[in-house]
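So the structure is just underneath, and the comments pick up after that.
The values are calculated or read from the model by the stated rules, or taken from the named source; none is laboratory data. Values in this document were obtained by computation on a predicted structure and should not be read as measured data. Note: ideal-geometry Cβ built from the backbone for every residue, glycine included; neighbour counts use all protein chains shown.
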Amino acid sequence: MNQIPINMKNHWMPFTNNKMFQKQPQMFQKAEGVRYWTPEGQEILDGSSGLFTCAAGHGRKEIAEAVYKQLMELDYSPHFQRAAPISFELAEALSDLLPEGLDRIFFGSSGSEAVDSAMKICLAYHKAKGEPQRTRFVSRSWGYHGVNLGGTSLAGMVGNRRDFSGVTCDVVHMRHTWNEDQRFTKGQPQDGADLADDLEEICQTYGGETIAAVFVEPIAGSIGTIVPPVGYLQRLRELADKYGILLVFDEVITGFGRTGSAFAAQEFGVIPDVMTMAKALTNGAIPMSAVAVKTEIQAAVIDSITADRPELMHGYTYSAHPVACAAALATLGIYKNDGLFEKAASFSPTFLDAVFSLRNLPQVSDLRGYGMMAGIQLTPGETPGAKGSAVQRKLFDEGLHVKATGDALIFAPALVTEEEDLSGMIDVLQKVLGQADL
Ligand code: PMP
């Protein structure tokens, strides 16, 4: 294929081996619904909702119009005892969607900012409650919590942590919940709730009273969709309560209908103390994230301060950006008006059946899935990760965008995906993963 003439020198591409990168990246020029188009005009079905961002499909006019209107009315508003009305409107709309009690909301611009903000809020809470020694965190092997220094410390995908180990926070990792016996399990594995007891063991080893919070993705997304065993999240909740540890759900991927409920917390019936969200909050159109905390967490932090200074020395220039708030409100309107969370729940069996039709292909060694997200594990190649990136490239050439992570694919199309689009995506997966040699 002809490549468009571009100067590749100046843009340092994220998560890319820039030095070794010989060819042009596969590029997107245009998007609508569940499709992208390359600069050369090739149609690419979007099997990963962008990066799990564009749940309502690309090119939503409602969002574009809300953003334009807000830009012309109030393009930016500063903090420090000041705010824009639209930020309160969004916080209220979000609290209506969140589990009851999680109704105090702090805004940022990325999932990574939400995670680091959540960590600082947990530390501030314990300090306010007279337990300043709770400075250690627990997270899980194979977890992903963004790339700021807090999230890098929590990272259970060790490649993200390795180069920064000298400056990371004190984090102890539990085991991940996947094992060989779970291969090809659709939905939640029945066995494995006892893996949550790793938290108890960590409390006994390090002292539960030293731990501020335990961070988990309810479904581990970035590693390739690892679904929690039945009872696992419930057990984590019990143990967190027993040791006075805050339970944080990182719902940056699982939020906004991906599981068939507004949030995985409601889907699995386990309410965390703190929740992070981003991505589909604005349908990916404008960067925005949020941390929701229980009423009493904010109350404790606020009440702890008497002097004339903020109780939480934290915030970003772009926190609660009015244009992002407008994009988020328009997005929440679409989710509601189009019934997209309900659609995800009712379409999920069709989606998962389609994914599991790939079961016997030569390149598939495991399939996992829940709601509208699935993981397709490839048979291992000689160099870990090499097959994943080769397959990602081949799928694109054949007309499908799916994100690879190591040797797994994260297949999570938009919640608006119709059966016909899904069949088109599955056809491409079948064609590429059906090849004996890759
Ligand atoms: N947490 C989770 C669970 C994520 O999946 C991600 C992004 N994939 C992040 C945090 C970080 O979000 P961002 O890339 O917007 O900083």
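Assorted remarks:
- Scanning segment 32-58 for residues that are on the phi > 0 side of the Ramachandran plot and surrounded by 15 or more Cβ atoms within 10 Å (Cβ to Cβ) yields Gly33, Ser49, Gly50, Phe52, Gly57.
- Members of segment 260-304 found to be within 13 Å of the ligand (Cβ to nearest atom) and touching an Asp or Glu at 6+ places or on another chain (Cβ under 7 Å), listed by number: Phe263, Ala264, Met275, Thr276, Met277, Ser289
- Number of residues in segment 243-259 that are in a loop (DSSP other than H, G, I, E, B) and either outside the structural domain of Ile226 (by TED's automatic domain parsing) or not charged (D, E, K, R) (or both): the value is 9.
- Long-range neighbours under 6 Å by Cβ, at least six apart or interchain, first residue in contact (Cβ under 8 Å) with a residue 12 or more places away in the chain within segment 101-119, second of a type in the set (D, E, K, R): Gly101/Lys294; Leu102/Lys294
- Residues of segment 280-305 classified as out of contact with any strand residue (DSSP E or B) (no Cβ under 8 Å at 6 or more places or on another chain) and over 23 Å from Lys127 (Cα atoms), total: 7
- Qualifying residue in segment 325-348 (condition: in the same structural domain as Pro229 (by TED's automatic domain parsing), of a type in the set (Val, Ile, Thr), modelled with pLDDT of 95 or more and out of contact with any helix residue (DSSP H, G or I) (no Cβ under 8 Å at 6 or more places or on another chain)): no
- Of the numbered criteria (1) within 17 Å of Leu45 (Cα to Cα); (2) part of a helix (DSSP H, G or I), the one Val416 fails is (2).
- Residue in segment 240-257 that is without any contact (Cβ under 8 Å) to a residue 24 or more places away in the chain and either at positive phi or crowded, with 21+ Cβ neighbours inside 10 Å (or both) present: no
- Arg183 out of contact with any helix residue (DSSP H, G or I) (no Cβ under 8 Å at 6 or more places or on another chain), more than 16 Å from the ligand (Cβ to nearest atom) and not aliphatic (A, V, I, L, M): yes
- Residue count for segment 124-178 satisfying the condition of being assigned to a helix (DSSP H, G or I), buried (at least 17 other Cβ atoms within 10 Å of the Cβ) and more than 16 Å from the ligand (Cβ to nearest atom): 5.
- Checked against the criterion of being in a strand (DSSP E or B) and either in contact with a strand residue (DSSP E or B) (Cβ under 7 Å, 6 or more places away or on another chain) or over 14 Å from Gly434 (Cα atoms) (or both), segment 387-402 has at least one qualifying residue.
- Residues of segment 229-251 that turn out to be touching a Ser or Thr at 6+ places or on another chain (Cβ under 6 Å) and within 14 Å of the ligand (Cβ to nearest atom), as a count: 1
- Of all positions in segment 363-370, none carries a residue that is in contact with a Gly (Cβ under 7 Å, 6 or more places away or on another chain), assigned to a loop (DSSP other than H, G, I, E, B) and closer than 27 Å to Asn160 by Cα.
- One residue alone among Leu199, Leu195 is in contact (Cβ under 8 Å) with a residue 40 or more places away in the chain, buried (at least 17 other Cβ atoms within 10 Å of the Cβ), more than 16 Å from the ligand (Cβ to nearest atom) and in a helix (DSSP H, G or I), and that residue is Leu199.
- Candidates Pro218, Pro229 - the one that is within 13 Å of Ser139 (Cα to Cα) and assigned to a loop (DSSP other than H, G, I, E, B): Pro218
- In segment 290-304, the residues that are closer than 16 Å to His314 by Cα and either at pLDDT below 95 or of a type in the set (Asp, Glu) (or both): Ile302, Ser304
- Qualifying positions in segment 107-123 - surrounded by fewer than 24 Cβ atoms within 10 Å (Cβ to Cβ) and not charged (D, E, K, R): Ser109, Ser110, Ser112, Leu123
- Counted residues, segment 155-179 - those being of a type in the set (A, V, I, L, M) and within 11 Å of His145 (Cβ to Cβ): 3
- Options Ala300, Ala292, Ala285: the member that is touching a residue at least 12 places away in the same chain (Cβ under 8 Å) and part of a loop (DSSP other than H, G, I, E, B): Ala285
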